[in-house]
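I have placed the structure first, in the form of structure tokens, so that the comments after it can refer back to it.
Just so it is clear, none of the values below were taken in a lab; they were calculated from the coordinates. Treat the numbers as computed from the prediction; the structure is a model and nothing was measured. Neighbour counts run over all protein chains shown; Cβ positions are idealised from the backbone, glycine included.
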Amino acid sequence: MILFGWKTKPQVKGATKGKCFACKKLVQHAIVQVTHWFTLYFIPIIPYKKQLFVVCHNCGAKTELKDDAKKMMIQKLSDLDAQTETTSKK
């Protein structure tokens, strides 16, 4: 008998500050990447879908980033990583 299924793994990628569309407050938001995996015998084997969300720390509302907004956020996160690496080397 073969056991297979699906699993999701969220991973916090960073944070940003902005106005929440749900609670209308200016608060910190987490940037979360959710990866969906095909599993075999409960072991994640193949990632088949990735989504990027912005999650409000105040109310928990989440918004999926699509296309241009997703590319812009990924670029912003990679720029922050580069700055952090440069600062830590000094």
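Go through the stretch 21-57 and count every residue that is more than 19 Å from residue 70 (Cβ to Cβ) and either among the hydrophobic types (A, V, I, L, M, F, W, C) or touching a His at 6+ places or on another chain (Cβ under 9 Å) (or both). Step through it out loud before you land on a result.
At the first step, the residues of the stretch 21-57 found to be more than 19 Å from residue 70 (Cβ to Cβ) are 22-28, 37-46, 57.
Now restrict to residues that are either among the hydrophobic types (A, V, I, L, M, F, W, C) or touching a His at 6+ places or on another chain (Cβ under 9 Å) (or both): 22-23, 26-28, 37-38, 40, 42-43, 45-46, 57.
Residues flagged as more than 19 Å from residue 70 (Cβ to Cβ) and either among the hydrophobic types (A, V, I, L, M, F, W, C) or touching a His at 6+ places or on another chain (Cβ under 9 Å) (or both) within the stretch 21-57 amount to 13.
Based on this model, can you work out whether residue 11 counts as in contact (Cβ under 8 Å) with a residue 24 or more places away in the chain and within 22 Å of residue 79 (Cβ to Cβ)?
Values: in contact (Cβ under 8 Å) with a residue 24 or more places away in the chain: yes; within 22 Å of residue 79 (Cβ to Cβ): yes.
Yes.
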